[in-house]
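Written out below as structure tokens is the structure these notes cover.
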């Protein structure tokens, strides 16, 4: 056979792999007989292939990138040029062993080796005979194995069924080439010129769009007739897929033509409707917008901008994408409540009644709202202040906004900022692309229908940053009374007046709010509730709400104040009432279940019923029986969810005077412990201590609940009292708690979070509280109801602390130091 340019089939399509290479001849029956008579060597180097299977007689190019494969090809090319080619079971395996390859492969001859520019080696190989691996001899520097021949069972020469199968394979191959637009017609000449039946089957099998697993199964079929039949089956599937694909493409083309036809018909119908006076033309749509604009209360500048944009829309082709954007833009202009305000209700007594009705306690917040209403009533043009309700979860910060809106007679809008990280959510998108939208500020005002709603910005401390901008910085213009009269939205492309909006932000923490943003807001501290307040809130609000939500009336279950107090003390440990509401909901569900199942239950809830429904009390607090142990003192702490109590424990052990501090403490608390220890050493004579004690004993200070990080200076007096109690073995006064910072001179400095700490002390049944003299002013700001049952001791130095906190009574079994 002559030699010319060579092209090969890959998934039944032709691909050039080397324009300058000579033709590799197709296998003739004589070539096939010569190969069948070849004797295989006893052992061969094995080349694993990732994603292809080599069939006898077929020529394929392969790319070798692995070091082992490159070395194998280099050695084989210098020698006999004969290798064993086997497909991998999993192409993802980078360094395959004998367990990762199939047992049956094809002996191949290296026809040409090409060095590619990317460093890889491309090898053109031709399959000879099938073989089976007997045993892998070595795996380094590449795999070598002993092999044995796998003979091919061929049908008789005049087998009519096999002849029909071969003819069908040729016909199907030619039909696939004809129907596929990706395969050049020259491929049909290659199929027609193949004389060997065996090579035809192998050639088609090799070039079909099959998985490596399916091709390997074809290779392992010993009977040529069975392999030809399996190949024919796969070809039928391939032809059906190709016909289906061509049919879909034809339908898509037909649908597209149909859409174009319908478009022109709609255009003609629209023109006819306009002539007959029916339907809405684009001109009428523009005119409708112009009529709506006459009723808007906007100034001349906004009106001029609107008319300019409306004229721009008139000049646009209605079929272009920008037309819909422009129409949405103008619709926003018409929907926004420009200079439309609801009338404020200045009945301050009514407003106070609404606030008292919806929220028990929160006197500071209510007083601030009434003050705002009073000033607004007198001036009638006051810029709205930016209030930030700051406090622990569940104290009613968000729901307070609804009450304020009702008291003022304004619309209520709420926008959750938790997790918001795209600046465009605040400022909007630029209207230069499809899908652009205004920011959520303007969207909310559009829904409210007025330009002076009560706007609650929920969870402002949980704004986050991303590559899409900094939303907290975008909020600066929104919440600045000096700037928000001209708030610029990217979509609106002009200023909008937000100065009449009453913004109320809520926050659990001030630390995560950007300082510049925090500076623009008036912080109102919404602290937690006392036990008495929680009981009242449960009675007035939580229980009726849960009865309504569960479809029950107020006669279905009755929970008296003592039982509510037991639920508060034993099952909730929080500043707010969200956890309390969940416990009450359990009690209501208990009643609902019994009513639905027609079972008897106690309508009046008893203590036993509470234990039955809610389980044993989970939060029984320490009753301070540990005052008989030296070195245990109760401190007061502030947390993000309110106040809490903590215990400082100290203990002595024989050693060399080392100080150990545990309990997941921060740097400041560790410094407080060090200061306390050094103060005691410096004033040992005042405490009647022998200084040798500090060299003979190790001191260990521990703050329980080690899983909780703790830091701050307010535990200084507590640690010093604990250490003096330990060294002197004197009892600490019962039901006493303290908080304050200390200095090396023994001075007691003031600390923050006093109200939260006092609430925590009341929840824990503390009777006496020891504070710095400078914290006296904080106590004066606290409502007197919170202070009932508490005795306060104000001190200026540590000697006063120790005189008050420590009794003269020694603990039992006191250590002799």
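Among the numbered criteria (1) touching a residue at least 12 places away in the same chain (Cβ under 8 Å); (2) outside the structural domain of residue 157 (by TED's automatic domain parsing), which one does residue 233 miss? Looking at each condition in turn, residue 233 falls short on (1).
Could we say that residue 389 is under 23 Å from residue 491 (Cβ atoms) and outside any loop (DSSP other than H, G, I, E, B) here? Judged against the criteria, residue 389 is not a match. Output yes when any residue across the range 642-658 is under 19 Å from residue 716 (Cβ atoms) and loosely packed, with under 15 Cβ neighbours inside 10 Å, and no when none is. The answer is no; no qualifying residue exists. The residue pairs whose first member lies in the range 89-100 and is at positive phi, whose second member is surrounded by 15 or more Cβ atoms within 10 Å (Cβ to Cβ) and modelled with pLDDT of 90 or more, and whose beta carbons are closer than 9 Å, counting only pairs six or more residues apart or on different chains, do not exist in this structure.
Residues in the range 464-487 that are in contact with a helix residue (DSSP H, G or I) (Cβ under 8 Å, 6 or more places away or on another chain) and surrounded by fewer than 15 Cβ atoms within 10 Å (Cβ to Cβ): 464, 465, 468. Evaluation of residue 58 against the conditions (1) touching a strand residue (DSSP E or B) at 6+ places or on another chain (Cβ under 6 Å); (2) over 26 Å from residue 204 (Cβ atoms); (3) modelled with pLDDT under 90 shows that the sole unmet condition is (2).
Screening residue 203 against (1) assigned to a helix (DSSP H, G or I); (2) closer than 29 Å to residue 248 by Cβ; (3) touching a strand residue (DSSP E or B) at 6+ places or on another chain (Cβ under 9 Å) leaves a single unmet condition, (2).
Summed over the range 358-380, residues that are farther than 21 Å from residue 523 by Cβ and either in contact (Cβ under 8 Å) with a residue 40 or more places away in the chain or under 37 Å from the mean Cα position of the chain (by Cα) (or both) total 2.
Go through 182, 197 for me and flag whichever is closer than 26 Å to residue 244 by Cβ and modelled with pLDDT under 85.
Unique residue meeting the criteria: 182.
The selection criterion, being surrounded by 19 or more Cβ atoms within 10 Å (Cβ to Cβ) and under 18 Å from residue 365 (Cα atoms), does not hold for residue 513. State whether the residues of the range 310-318 include one that is in a helix (DSSP H, G or I), modelled with pLDDT of 85 or more, outside the structural domain of residue 498 (by TED's automatic domain parsing) and loosely packed, with under 14 Cβ neighbours inside 10 Å. The answer is yes, given that some residue of the range 310-318 is in a helix (DSSP H, G or I), modelled with pLDDT of 85 or more, outside the structural domain of residue 498 (by TED's automatic domain parsing) and loosely packed, with under 14 Cβ neighbours inside 10 Å.
As for the range 340-355, it holds at least one residue that is in contact (Cβ under 8 Å) with a residue 60 or more places away in the chain, in a loop (DSSP other than H, G, I, E, B) and farther than 30 Å from residue 306 by Cβ. Of all the numbered requirements in (1) surrounded by 14 or more Cβ atoms within 10 Å (Cβ to Cβ); (2) modelled with pLDDT of 85 or more; (3) under 24 Å from residue 160 (Cβ atoms), residue 233 misses one, and that requirement is (1).
Scanning the range 407-457 for residues that are surrounded by fewer than 19 Cβ atoms within 10 Å (Cβ to Cβ), under 19 Å from residue 334 (Cα atoms), in contact with a helix residue (DSSP H, G or I) (Cβ under 7 Å, 6 or more places away or on another chain) and modelled with pLDDT of 85 or more gives 440, 446.
The values are calculated or read from the model by the stated rules, or taken from the named source; none is laboratory data. These numbers come from a predicted model, not from an experiment. Please note: Cβ atoms are built from the backbone with ideal geometry, for glycine as well, and neighbour counts cover all protein chains shown.
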